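Novice: Once you've had a glance at the structure underneath, I'll fire off some questions.
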Amino acid sequence: LAKTTQPISMDSYEGQEVNITCSHNNIATNDYITWYQQFPSQGPRFIIQGYKTKVTNEVASLFIPADRKSSTLSLPRVSLSDTAVYYCLVGDEGGATNKLIFGTGTLLAVQP
Amino acid sequence: DTGVSQDPRHKITKRGQNVTFRCDPISEHNRLYWYRQTLGQGPEFLTYFQNEAQLEKSRLLSDRFSAERPKGSFSTLEIQRTEQGDSAMYLCASSLGNGNQPQHFGDGTRLSIL
């Protein structure tokens with residue numbers, strides 16, 4: 001399973017766009033890239049998933065370059081409630097095991 | 001609420017006692033997973049079920065840990081002879097077993113060993 005590397009922490013202010021980049025140099029052909037958000041004392045919550053190019057939903061965008069060795073989660077106009085830990089994962093979601101390997105994540109702190 | 005439900009939310013027990021946690025997945029999800037999370041770390045995979053079959057349990061931390069999903073619906077995770085190092089958040093997740101469907105997590109059971 002591919003290992004991911006992401007910054008330990010990031011700071012931002014309300015209303016700004018935040019981009020969190022994740023490196024996954026050993027990503028396999030069948031691997032998808034998935035991002036989760038976690039608040040204290042809650043389980044991780046699915047944000048977005050992609051395989052290549054760009055994916056956008058109502059809360060975020062995910063940018064994946066052609067070589068797929070990295071990805072960037074983009075959160076538009078963050079608010080205080082976006083303060084959380086963000087995890088980048090790669091894996092074969094439809095595969096035999098489907099287990100998720102979490103790193104330590106990126107703690108995003110949004111200030112007023 | 002049709003999300004993943006875990007019970008209890010908190011459990012405090014003395015070292016050496018047995019504990020059991022329950023997870024009710026989203027009803028149509030056939031895959032169910034257990035994870036453990038300690039402070040400052042991401043969740044760590046323990047085991048997973050496809051329907052009632054436990055397809056991987058190699059990551060269960062020791063033989064004191066066991067999990068069941070007898071009817072392919074709810075699941076239980078049991079820890080026997082608890083130790084201080086078992087103190088953690090135990091998370092359950094479920095997903096549809098086809099294609100790249102994301103996992104949906106419950107809010108966990110926080111276990112504290114005195």
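The values are calculated or read from the model by the stated rules, or taken from the named source; none is laboratory data. Predicted model, so just to flag it, every value in this text is computed and none were measured. We place every Cβ from the backbone using ideal geometry, glycine too, and count neighbours over all the protein chains shown.
Novice: Listed residues A:Val59, A:Val55, A:Val90, A:Val85; which is at pLDDT below 90 and in contact with a strand residue (DSSP E or B) (Cβ under 8 Å, 6 or more places away or on another chain)?
Specialist: Exactly one residue qualifies, and that residue is A:Val90.
Novice: For B:Leu39, only one of the following conditions fails: (1) touching a strand residue (DSSP E or B) at 6+ places or on another chain (Cβ under 6 Å); (2) within 24 Å of A:Trp35 (Cβ to Cβ). What is its number?
Specialist: Here B:Leu39 meets the rest and fails (1).
Novice: Oh, and also: Does B:Phe21 qualify as being more than 30 Å from A:Lys52 (Cα to Cα) and hydrophobic (A, V, I, L, M, F, W, C)?
Specialist: yes
Novice: Something else about it: Does A:Pro7 satisfy the criteria of being over 30 Å from B:Leu55 (Cβ atoms), touching a residue at least 60 places away in the same chain (Cβ under 8 Å) and in a loop (DSSP other than H, G, I, E, B)?
Specialist: Yes.
Novice: Within region A:10-26, can you find the residues that are in a loop (DSSP other than H, G, I, E, B), farther than 16 Å from A:Gln49 by Cα and of a type outside the set (Asp, Glu)?
Specialist: Within region A:10-26, A:Gly15, A:Gln16, A:Asn25, A:Asn26 qualify.
Novice: Does any residue of region B:1-10 turn out to be within 13 Å of the chain's Cα centre (by Cα), surrounded by fewer than 18 Cβ atoms within 10 Å (Cβ to Cβ), part of a strand (DSSP E or B) and within 13 Å of another protein chain (Cβ to nearest Cβ)?
Specialist: Scanning region B:1-10 turns up at least one residue that is within 13 Å of the chain's Cα centre (by Cα), surrounded by fewer than 18 Cβ atoms within 10 Å (Cβ to Cβ), part of a strand (DSSP E or B) and within 13 Å of another protein chain (Cβ to nearest Cβ).
Novice: While we're looking at this one, here's another question. Residues in region A:1-25 that are in contact with a Lys or Arg (Cβ under 7 Å, 6 or more places away or on another chain), surrounded by fewer than 17 Cβ atoms within 10 Å (Cβ to Cβ) and not polar (S, T, N, Q): how many?
Specialist: Count: 2.
Novice: Checking the conditions here, which among A:Gln16, A:Gln38 is more than 14 Å from chain B (Cβ to nearest Cβ) and of a type outside the set (Lys, Arg)? Lay out the reasoning, then the answer.
Specialist: Details: A:Gln38 fails: more than 14 Å from chain B (Cβ to nearest Cβ).
A:Gln16 is the lone residue from the list that is more than 14 Å from chain B (Cβ to nearest Cβ) and of a type outside the set (Lys, Arg).
Novice: Kindly indicate the residue of region B:73-114 that is of a type in the set (S, T, N, Q), in a strand (DSSP E or B) and crowded, with 17+ Cβ neighbours inside 10 Å and also nearest to the other protein chains (Cβ to nearest Cβ) among those meeting that condition.
Specialist: Of region B:73-114, the ones of a type in the set (S, T, N, Q) are B:73, B:75-76, B:80, B:82, B:84, B:87, B:94-95, B:98, B:100-101, B:103, B:109, B:112.
Restricting the remaining residues to those that are in a strand (DSSP E or B) gives B:75-76, B:94-95, B:109, B:112.
Those left that are additionally crowded, with 17+ Cβ neighbours inside 10 Å: B:75, B:94-95, B:109.
Numbers: B:Ser75: 15, B:Ser94: 11, B:Ser95: 7, B:Thr109: 11 Å.
Filtering region B:73-114 for residues that are of a type in the set (S, T, N, Q), in a strand (DSSP E or B) and crowded, with 17+ Cβ neighbours inside 10 Å, the one nearest to the other protein chains (Cβ to nearest Cβ) comes out as B:Ser95.
Novice: I'd like to know if region B:59-68 contains one or more residues that are within 11 Å of chain A (Cβ to nearest Cβ) and either touching a strand residue (DSSP E or B) at 6+ places or on another chain (Cβ under 8 Å) or under 24 Å from A:Gln6 (Cβ atoms) (or both).
Specialist: We begin by selecting, within region B:59-68, every residue within 11 Å of chain A (Cβ to nearest Cβ); these are B:59.
Remaining after also requiring either touching a strand residue (DSSP E or B) at 6+ places or on another chain (Cβ under 8 Å) or under 24 Å from A:Gln6 (Cβ atoms) (or both): B:59.
Yes, there is a match, as at least one residue in region B:59-68 is within 11 Å of chain A (Cβ to nearest Cβ) and either touching a strand residue (DSSP E or B) at 6+ places or on another chain (Cβ under 8 Å) or under 24 Å from A:Gln6 (Cβ atoms) (or both).
Novice: Right, here's the next one. Which of the residues that make up region A:42-69 are closer than 20 Å to A:Ser81 by Cα, more than 9 Å from chain B (Cβ to nearest Cβ) and small (Gly, Ala, Ser)?
Specialist: Across region A:42-69, the qualifying residues are A:Ala60, A:Ser61.
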